[in-house]
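Scroll down for the structure; my scribbles are underneath it.
The values are calculated or read from the model by the stated rules, or taken from the named source; none is laboratory data. All of these numbers come straight from a predicted model, not from anything done at the bench. A quick note on method: Cβ atoms are made from the backbone with ideal geometry, for glycine too, and the neighbour counts reach across all protein chains shown. Please note that ligands, DNA and RNA were not included when accessible areas were found on the heavy atoms of the full protein model with its side chains. Shrake-Rupley method; radii C 1.70, N 1.55, O 1.52, S 1.80 Å.
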Amino acid sequence: MQNCLKISLTALIFISFNAVAQKSQILIARNAVGKLQASIANKEDEKKQLSIINEGLKSIESAEKDNKTKNWTETWSIKSYLTSFASLIDTDPNNANKFYDSAVEAIEKAKSLDRYNDNGGMIKASSHNILIKKQEKGNEAFFNNEFKEAFTDLKEVSDNFPADTTLALNTAICALNIQAYDESLTYFKRAKENGIRNPSVFQKMAQMYVVKSENETAIKTLEDGLVLNPFNRFLTNDYINLLLDTENYSKAQGLIENNLKVEKGNKLLYFLYGYLQQVGGNNATAILAYNKALSTDQNYFDALYQLSLAYINTANETLNKNDADKASKYNGLINHAQFALQRANEINPNDKKTVQLLIDIYTKKKLTDKVQELNRKLQEL
């Protein structure tokens with residue numbers, strides 16, 4: 001009986017000692033957290049901080065092995081906090097990644113055990129550290145053009161820090177590069193809604209809305225971009241082209257006229273103004289505008305081609321008049337058209353429309369050799 005009592009007492013003393021030992025390991029780890037926070041506040045170097053972290057992690061390893069303390073939220077929340085911070089300060093990439101993986105594992109365990117939010121502060125701090133590390137990893141993948149990996153990390157970080165416009169923009173770019181267009185638009189919109197001014201964001205969003213056939217939203221997006229970036233050439237050009245594509249001619253004309261007051265040497269604006277005048281049947285003004293564009297760039301193919309059409313249209317209108325000299329006027333205008341088309345053909349010899357118009361003019365002038373030559377060329381194109 002006495003022997004049995006001795007055995008029982010010995011077992012109880014051992015169990016009690018083991019429980020105290022495990023609690024003391026948690027206390028050591030808890031103390032390491034306090035020391036780390038003091039070290040951070042005192043701006044001590046990373047080597048000192050890593051030493052404190054490793055001291056705490058040794059105690060946590062023991063607590064993890066104990067049947068009781070391995071089920072404590074505190075065990076895992078301390079581990080996640082220490083390892084997540086270590087992943088940010090360890091300069092050895094391999095060590096930093098091991099700490100990061102350990103932190104992600106630990107925080108999931110801590111969250112699953114934390115029923116009463118007793119360790120909410122520690123878990124929140126750990127989550128913040130993990131997100132910072134995710135952003136680092138995401139940025140690294142982004143600059144290495146590993147957009148799929150970058151998107152996964154940056155998306156989560158952006159969802160937690162939605163007001164960060166740079167983060168939203170980079171997430172959108174990643175999504176765009178992996179052809180996740182709806183996701184891309186979501187993060188472009190987030191950047192826009194939080195005050196980004198970058199004109200390319202508004203450009204890209206408008207292009208995506210056009211693809212989705214949401215032209216009104218695309219127009220509104222470009223207008224918003226122009227409020228923040230008045231007279232931005234790229235936004236203005238896209239806006240005018242979209243207005244033309246959607247037949248908002250009066251709005252486009254007013255915009256072009258206002259921009260020409262600022263950008264007097266902008267060949268595209270003169271070209272678009274000419275095109276608008278041409279669409280409205282005002283060929284004379286169109287000719288003036290195209291020539292203004294060509295005075296800036298004499299090799300401007302589009303302006304030469306449209307100029308030739310304006311001359312042809314004006315020539316045909318002349319024939320319907322009762323002027324005595326209408327024949328000579330007609331021939332003069334057709335000669336101007338021919339000259340413009342010849343220049344256009346020199347610049348872009350493979351453009352079929354230009355070649356066909358030249359064939360029409362040469363046919364009317366009965367220049368058989370030139371017609372045959374261009375017909376052969378047209379068959380080759």
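Considering each of 271, 231 in turn, give the residue that is open to solvent by 40 Å² or more (accessible area, probe 1.4 Å), of a type in the set (A, V, I, L, M, F, W, C) and in contact with a helix residue (DSSP H, G or I) (Cβ under 6 Å, 6 or more places away or on another chain). Reasoning before the result, please.
On the way: 271 fails: open to solvent by 40 Å² or more (accessible area, probe 1.4 Å).
After applying the criteria, what remains is 231.
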For this session: Output yes when any residue across the stretch 211-218 is under 15 Å from the mean Cα position of the chain (by Cα), more than 20 Å from residue 138 (Cβ to Cβ) and of a type outside the set (Gly, Ala, Ser), and no when none is.
Result: no
Exercise. Can you name the number of the only condition in (1) surrounded by fewer than 19 Cβ atoms within 10 Å (Cβ to Cβ); (2) among the small types (Gly, Ala, Ser); (3) in contact (Cβ under 8 Å) with a residue 40 or more places away in the chain that residue 344 fails?
Worked result: (1)
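Can you tell me which of 240, 219 is β-branched (Val, Ile, Thr), assigned to a helix (DSSP H, G or I), at pLDDT 95 or above and open to solvent by less than 30 Å² (accessible area, probe 1.4 Å)? Give the steps one after another, and end with the answer.
Values: 240 fails: at pLDDT 95 or above.
Being β-branched (Val, Ile, Thr), assigned to a helix (DSSP H, G or I), at pLDDT 95 or above and open to solvent by less than 30 Å² (accessible area, probe 1.4 Å) holds for just one of 240, 219, which is 219.
May I ask you to list the residues in the stretch 347-364 that are open to solvent by 70 Å² or more (accessible area, probe 1.4 Å) and either in a helix (DSSP H, G or I) or closer than 17 Å to residue 313 by Cα (or both)?
Hits for the stretch 347-364 are 352, 353, 356, 363, 364.
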Problem set entry | Test: residue 285 is open to solvent by 30 Å² or more (accessible area, probe 1.4 Å), among the polar types (S, T, N, Q) and over 28 Å from residue 318 (Cβ atoms) | no
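Just to check your reading of the model, which residue among 322, 348 is over 26 Å from residue 270 (Cβ atoms) and of a type in the set (S, T, N, Q)?
322
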For this session: Output yes when any residue across the stretch 113-125 is surrounded by 15 or more Cβ atoms within 10 Å (Cβ to Cβ) and within 17 Å of residue 178 (Cβ to Cβ), and no when none is.
Result: no
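Suppose we filter 110, 168, 96 for residues that are hydrophobic (A, V, I, L, M, F, W, C) and surrounded by fewer than 22 Cβ atoms within 10 Å (Cβ to Cβ); which single one remains? Steps first, please.
Numbers: 110 fails: surrounded by fewer than 22 Cβ atoms within 10 Å (Cβ to Cβ); 168 fails: surrounded by fewer than 22 Cβ atoms within 10 Å (Cβ to Cβ).
Every option except 96 fails the conditions.
From the list 337, 327, 303, exactly one residue is free of Cβ contacts under 8 Å to residues at least 12 places away in the same chain and open to solvent by less than 70 Å² (accessible area, probe 1.4 Å). Which is it? I'd like the intermediate steps shown before the answer.
Working: 337 fails: free of Cβ contacts under 8 Å to residues at least 12 places away in the same chain; 303 fails: free of Cβ contacts under 8 Å to residues at least 12 places away in the same chain.
So the residue among 337, 327, 303 that is free of Cβ contacts under 8 Å to residues at least 12 places away in the same chain and open to solvent by less than 70 Å² (accessible area, probe 1.4 Å) is 327.
Does residue 71 satisfy the condition of being over 23 Å from residue 140 (Cβ atoms) and surrounded by fewer than 17 Cβ atoms within 10 Å (Cβ to Cβ)?
Values: over 23 Å from residue 140 (Cβ atoms): yes; surrounded by fewer than 17 Cβ atoms within 10 Å (Cβ to Cβ): yes.
Considered against the rule, which asks whether it is over 23 Å from residue 140 (Cβ atoms) and surrounded by fewer than 17 Cβ atoms within 10 Å (Cβ to Cβ), residue 71 comes out as yes.
Restricting attention to the stretch 245-268, and to residues there that are among the aliphatic types (A, V, I, L, M) and over 21 Å from residue 307 (Cα atoms), which single residue is least open to solvent (accessible area, probe 1.4 Å)? Break it down stepwise before answering.
Filtering the stretch 245-268 down to residues among the aliphatic types (A, V, I, L, M) leaves 252, 255-256, 260, 262, 268.
This time we only want the ones that are over 21 Å from residue 307 (Cα atoms), so: 255, 262.
Details: 255: 34, 262: 85 Å².
By that ranking, first place goes to 255.
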Exercise. Only one residue in 289, 327 is modelled with pLDDT of 95 or more and in contact with a helix residue (DSSP H, G or I) (Cβ under 9 Å, 6 or more places away or on another chain). Which one?
Worked result: 289
